[in-house]
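Student: Supplied in structure tokens, the structure appears directly below.
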Amino acid sequence: MTRRDGNQGRAPLVLVLPALVGLAFLVLPLVGLLARAPWATLGPRLAEPQVREALRLSLVTATLATALCVLFGVPLAWLLARVPFPGVRLARALVTVPLVLPPVVGGVALLLVLGRRGLVGRWLDEAFGVTLPFTTAGVVLAETFVAMPFLVISVEGALRAADRRYEEAAATLGAGRWTVFRRVTLPLVAPGIAAGAALCWARALGEFGATITFAGNFPGRTQTMPLAVYLALENDPQAAIVLSLVLLAVSVAVLAALRRRWVSAP
């Protein structure tokens, strides 16, 4: 091996040191969480009524929010990827706004639209007697608002990467647009939908700001795991650590499930 090859294979110290500092900054808080976890009493604490109720509500609302994201997000992704309508770039930008919008601001926006005096909420209240803020349905809507962009981006990317020749071949054989979408397009982008749904579910499970602003923090009705963690930090720090461990385990599981798709490890 030549001297030049040896220099190319050696990582420069000016890059290695900041990289190690960044890695430590990301990993050490997780290590601290694991080190302070009450492992001896983990089982009984998970069985406590308030913990179980927060877990149940979080799982139910995150699953319902993911279902709504798939129901509305897949057609939206198809529209953005396959229909060149005027303003498609603006629409794509608006879809991604919840990714960068502070969740609390998202909760305020939902209140202004779906609150009892909101643009749509007033009509829902007067016409049907439906009130969404500070209800379990409000939790689902808040989670859907912050999570749907993950699914739309994932599915739109899968649609753009899919080979359109299969769809064109099905169309030439007489299949209608709905049949092509159902029998050809959906199977082609199914991995993208699954990945987006997993990201949606994990994001919905960890939502805090929009939920507490739009739905409040009522045990058994709107208090999800992140809200329970926030409340437990003041009264029972050990319970907060237990709930944080559950959220950490979910995050690791989602990343492990999506590793092959999102991480190209050597």
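The values are calculated or read from the model by the stated rules, or taken from the named source; none is laboratory data. Just so we're clear, the structure is a prediction, and the values are computed from it rather than from any experiment. Glycine gets a Cβ as well: all are built from the backbone with ideal geometry, and neighbour counts include every protein chain shown. We work out accessible area using only protein heavy atoms, side chains counted, and drop any ligands, DNA or RNA first. Shrake-Rupley method; radii C 1.70, N 1.55, O 1.52, S 1.80 Å.
Student: Only one of these conditions is not met by Val70: (1) open to solvent by less than 70 Å² (accessible area, probe 1.4 Å); (2) not in a helix (DSSP H, G or I). Which number is it?
Tutor: That leaves (2) as the condition not met.
Student: State which residue pairs qualify: first residue closer than 18 Å to Ala54 by Cβ and inside the range 130-142, second residue part of a helix (DSSP H, G or I) and among the aliphatic types (A, V, I, L, M) in any location, beta carbons under 6 Å apart, and separation of 6 or more residues or different chains.
Tutor: Val140/Leu64; Val140/Ala65; Ala142/Ala210
Student: Could you list, in sequence order, the residues of the range 18-54 that are in a helix (DSSP H, G or I), aliphatic (A, V, I, L, M) and in contact (Cβ under 8 Å) with a residue 24 or more places away in the chain?
Tutor: Leu30, Leu33, Leu34, Leu42, Leu46, Val51, Ala54
Student: If you take the residues of the range 155-186 that are free of Cβ contacts under 8 Å to residues at least 60 places away in the same chain and touching a Leu at 6+ places or on another chain (Cβ under 7 Å), which of them is nearest to Leu76 (Cα to Cα)?
Tutor: Here the residue is Ala162.
Student: Then there is this: Which count do you get for residues in the range 25-67 that are surrounded by 14 or more Cβ atoms within 10 Å (Cβ to Cβ) and of a type in the set (Lys, Arg)?
Tutor: Within the range 25-67, residues that are surrounded by 14 or more Cβ atoms within 10 Å (Cβ to Cβ) and of a type in the set (Lys, Arg) number 1.
Student: Only one of these is at pLDDT 90 or above and either surrounded by fewer than 14 Cβ atoms within 10 Å (Cβ to Cβ) or more than 22 Å from Thr63 (Cα to Cα) (or both): Gly157, Gly138. Name it. If you could, list the steps in order and put the result at the bottom.
Tutor: Values: Gly138 fails: either surrounded by fewer than 14 Cβ atoms within 10 Å (Cβ to Cβ) or more than 22 Å from Thr63 (Cα to Cα) (or both).
Just one listed residue meets the conditions, Gly157.
Student: Please go through the range 61-96 and pick out each residue that is among the β-branched types (Val, Ile, Thr) and in contact (Cβ under 8 Å) with a residue 12 or more places away in the chain.
Tutor: Thr61, Thr63, Thr66, Val70, Val74, Val95, Thr96
Student: Count, please, the residues in the range 10-36 that happen to be at pLDDT below 85 and hydrophobic (A, V, I, L, M, F, W, C).
Tutor: Selection size over the range 10-36: 3.
Student: Taking the criterion of being among the hydroxyl-bearing types (Ser, Thr, Tyr) and open to solvent by 20 Å² or more (accessible area, probe 1.4 Å), would at least one residue in the range 182-202 satisfy it?
Tutor: There is no residue in the range 182-202 that is among the hydroxyl-bearing types (Ser, Thr, Tyr) and open to solvent by 20 Å² or more (accessible area, probe 1.4 Å).
Student: Being in a helix (DSSP H, G or I), open to solvent by 70 Å² or more (accessible area, probe 1.4 Å) and farther than 30 Å from Asn217 by Cα: is that true of Arg89 here?
Tutor: On the way: in a helix (DSSP H, G or I): yes; open to solvent by 70 Å² or more (accessible area, probe 1.4 Å): yes; farther than 30 Å from Asn217 by Cα: yes.
So Arg89 passes the test.
Student: Looking only at the range 92-135, how many residues end up being β-branched (Val, Ile, Thr), over 26 Å from the mean Cα position of the chain (by Cα) and surrounded by fewer than 13 Cβ atoms within 10 Å (Cβ to Cβ)?
Tutor: Taking the range 92-135 and keeping what is β-branched (Val, Ile, Thr), we get 95-97, 100, 104-105, 108, 113, 120, 130-131, 135.
Subsequent filtering for residues that are over 26 Å from the mean Cα position of the chain (by Cα) retains 130.
Keeping just the survivors that are surrounded by fewer than 13 Cβ atoms within 10 Å (Cβ to Cβ) gives none.
Final tally of qualifying residues: 0.
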